[in-house]
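Here is the structure we will look at.
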Amino acid sequence: MDVKENIAENWKTFKQAWNNYEIIMNVRQQPETYQVALFPHCIGSEALKIFNGMSFDNVQEKEKLENIMKKFDKCTIGKTN
């Protein structure tokens, strides 16, 4: 498995675990600011470095967890049909 495939597989696995964590801990019931703060805390140091290097079109885009997740999808998996 090459590095890109490993990153994509790691992201898919983390995303599945995150979705379960959101449900178990009622994360979705928390304010968006809480969710956005919790996510980088949970992703681990290497993924946090990637997150810190991501560019967003504006501050509001970075304040939505959905946008952050989409950025990670694009960064790790790329375009899908």
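The values are calculated or read from the model by the stated rules, or taken from the named source; none is laboratory data. Note that the coordinates shown come from a computational prediction; the quantities given were computed from them, not determined experimentally. Cβ sites come from the backbone with ideal geometry, for glycine too, and all protein chains shown count toward neighbours. The area values use the complete protein model at the heavy-atom level, side chains included, leaving out ligands, DNA and RNA. Shrake-Rupley method; radii C 1.70, N 1.55, O 1.52, S 1.80 Å.
Numbers at a glance
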item: Filter result for Thr33 (open to solvent by 80 Å² or more (accessible area, probe 1.4 Å), of a type in the set (S, T, N, Q), more than 12 Å from Phe14 (Cβ to Cβ) and modelled with pLDDT of 95 or more); result: yes
item: Within region 15-57, considering residues that are closer than 18 Å to Asp73 by Cα and of a type in the set (D, E, K, R), the one nearest to the chain's Cα centre (by Cα); result: Lys15
item: Selection status of Thr13, open to solvent by 70 Å² or more (accessible area, probe 1.4 Å), assigned to a helix (DSSP H, G or I) and in contact (Cβ under 8 Å) with a residue 24 or more places away in the chain; result: no
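Table: residues versus (1) aliphatic (A, V, I, L, M); (2) surrounded by 13 or more Cβ atoms within 10 Å (Cβ to Cβ); (3) more than 16 Å from Ala8 (Cα to Cα).
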| residue | (1), (2), (3) |
| --- | --- |
| Ile23 | yes, no, yes |
| Arg28 | no, no, yes |
| Ile43 | yes, yes, no |
| Glu46 | no, no, no |
| Phe51 | no, yes, no |
| Ser55 | no, no, yes |
| Asn58 | no, no, yes |
| Ile68 | yes, yes, no |
| Thr76 | no, yes, no |
